[in-house]
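Inspection log for the structure reproduced underneath, given as structure tokens.
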Amino acid sequence: MKNISRIITMAVVAGFIAACGQQNSIEAKKAEIEKLKAQQAEIASQIATLEGEIVAAGDTSSAEDLKAKVVAITPVSKQNFVHAIDVQGRVDGDENVSYSAKVPGTIAKINVKVGQRIAAGQVLAEIDSKPLQLQLAAMQKQAELVNTLYEKRKQLWDQKVGSEIEYLQAKNQKESLDKNIESMKQQLEMYSIKSDYSGTVDEIALKVGQNVIPGMPYVTVVNPAKLKIKTSLSESYAGLIKTGDMVNIRFPDLNKTMRANVSYASRTINQMTRTFEVEINLPADESLNPNMVAELSIVDYEKAGSIVVPINTVQQLDGETVVFLKSTEGGKAVAKKVKVTVGKQYAGKAEILAGLNEGDALITTGFQDLNDGQSLKF
């Protein structure tokens, strides 16, 4: 018990000492701050006294130099200004098709592999059709006899031998059987899953012996030469985007860029989403795949010979839109506040419609808190 009491007493004493030490540290910091503030005030007073002495001696230029602000100048130039609408899209294709079975049945054979190039009309997979094939074989065998009888009846009738009824019956039997055979062949065609387009097999969701039903996607074929980008834009852009507009495209997953044109801009606004559809046809590129994400910059405005400035140099002062230029007064460089009219803005740049001329010396660094007429240093 005595040992426990001793330990508790020691812990309390240690805590008290630590608290006192922490309090002393805070007090020391406060004292240091007060000391620095006093030094700052003294230095400011000395600077003011020296500036007053300089002015009293008649050397106002030195005082002005002390108050001059360091800036950087960029000559205003005319350039091509581009405004674009930035939006995200998705790669799709007219010839990006998933094929299903046309009739229910069991897969008997798969003729292609994933990644294989195929031609239009090629059979991708076959559904078991043995019962129909046996029926077709029997009908074709019967057709041999019916055709022979018809030819003989026809030869006799051409020679005016026999009755017309017998000839017509043989002809009707032949034509009826021919139609049945053709119908059976068409049914057998439905037991083959075929590709309508040339392209590359992208996915196979089939196994031999698997039961299939119509409507389910089993084989996907992609034609990389017929890809496009689809995107939706707000109806507020409906009057700005048109067929033929230039589009800068970036594929972030590939770190790849390219340029294309708007191939289709819908004039119909979706009532639910208040958007309209835009499509951009893509050039053939094996690296592109359906459902890839694309970042689009659709150019909706472009003007050559525009006055363009960094948008951060444009300020709102006293209810006016202004920039600062370098001017000369009495042989010295001073700031000049100039009112400007801003047009469109994009990518950190602003189009200036009025207020600036080519060759003006725009202050691009140090314009913050700058006053009209203030001396400048470079």
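Values quoted throughout were computed directly from the atomic coordinates according to the rules given, and no laboratory measurement underlies them. Keep in mind that what you see is a predicted model, and the values were worked out from it rather than measured. Neighbour counts run over all protein chains shown; Cβ positions are idealised from the backbone, glycine included.
Descriptive notes on the structure:
- Inter-site label distance for Leu145 and Thr106 at 7 Å from Cα along Cβ, in nm: 3.2
- Hydrodynamic radius of the chain per Kirkwood, over alpha carbon pairs, in Å: 31.4
- Using a cutoff of 8 angstrom between alpha carbon atoms and counting only pairs six or more residues apart, the relative contact order for the chain works out to 25 percent.
- Fraction of beta bridges assigned by DSSP in the chain that are antiparallel (%, nearest 5): 95
- Dimensions of region 100-219 from C-alpha coordinates, computed as largest minus smallest value along each principal axis and given longest first, are 65, 26, 20 Å.
- Cut-off 13 Å (backbone N to label point 7 Å along Cα→Cβ of Ala138), residues of region 159-192: none
- Estimated dipole of the chain in Debye, rounded to 20 [Cβ of Lys and Arg +1, of Asp and Glu -1, Cα centre]: 1220
- Candidate lysines - alpha carbon under 25 Å from Lys344, same-chain residues fewer than 8 apart omitted: Lys78, Lys242, Lys303, Lys326, Lys336
- Dipole magnitude (debye, nearest 20) for region 100-219, charges at Cβ of Lys, Arg, Asp, Glu: 200
- Net charge contributed by nearby residues that have their C-beta within less than 11 Å of Ser232 (K/R +1, D/E -1): 0
- The distance between label points at Asn291 and Gln155 comes to 6.5 nm (points 7 Å beyond Cα on the Cα→Cβ vector).
- Leading residue at positive end of dipole, region 100-219 (Cβ point charges), from Ile213, Gly162, Thr148: Thr148
- Shape category assigned to region 134-195 from the gyration tensor of Cα positions, a/c cut at 1.5: prolate
- Surrounding net charge for Asn80, when Lys and Arg each add one and Asp and Glu each subtract one, Cβ distance under 12 Å: +1
- Of the residues Asn312, Leu254, Met272, the one whose Cα sits farthest towards the positive end of the charge dipole of region 216-337 is Asn312 (charges of +1 on Lys and Arg Cβ, -1 on Asp and Glu Cβ, taken about the Cα centre).
- The alpha-carbon of Lys185 sits under 19 angstrom from the alpha-carbons of these lysines, leaving out residues fewer than 8 places away in its chain: Lys102, Lys109, Lys130, Lys141, Lys174, Lys194.
- Spin-label model distance (nm) - Asp372 vs Thr74, 7 Å beyond Cα toward Cβ: 2.4
- The local environment of Asn147, defined by Cβ-Cβ distances under 13 Å, has a net charge of +2 under the rule Lys, Arg +1 and Asp, Glu -1.
- Efficiency of FRET from Cβ geometry, Lys35 and Val342, R₀ 45 Å, rounded to 0.05: 0.35
- Considering only Ala361, Ile193, Val71, and ranking their Cα positions along the charge dipole of the chain that arises from unit charges at the beta-carbon of Lys, Arg, Asp and Glu, the one farthest toward the positive end is Ile193.
- Seen against the Cα atoms of the chain and their longest principal axis, helix 130-158 is set at about 50 degrees.
- Pairs of alpha carbons in region 265-315 separated by more than 15 Å make up 72% of all such pairs.
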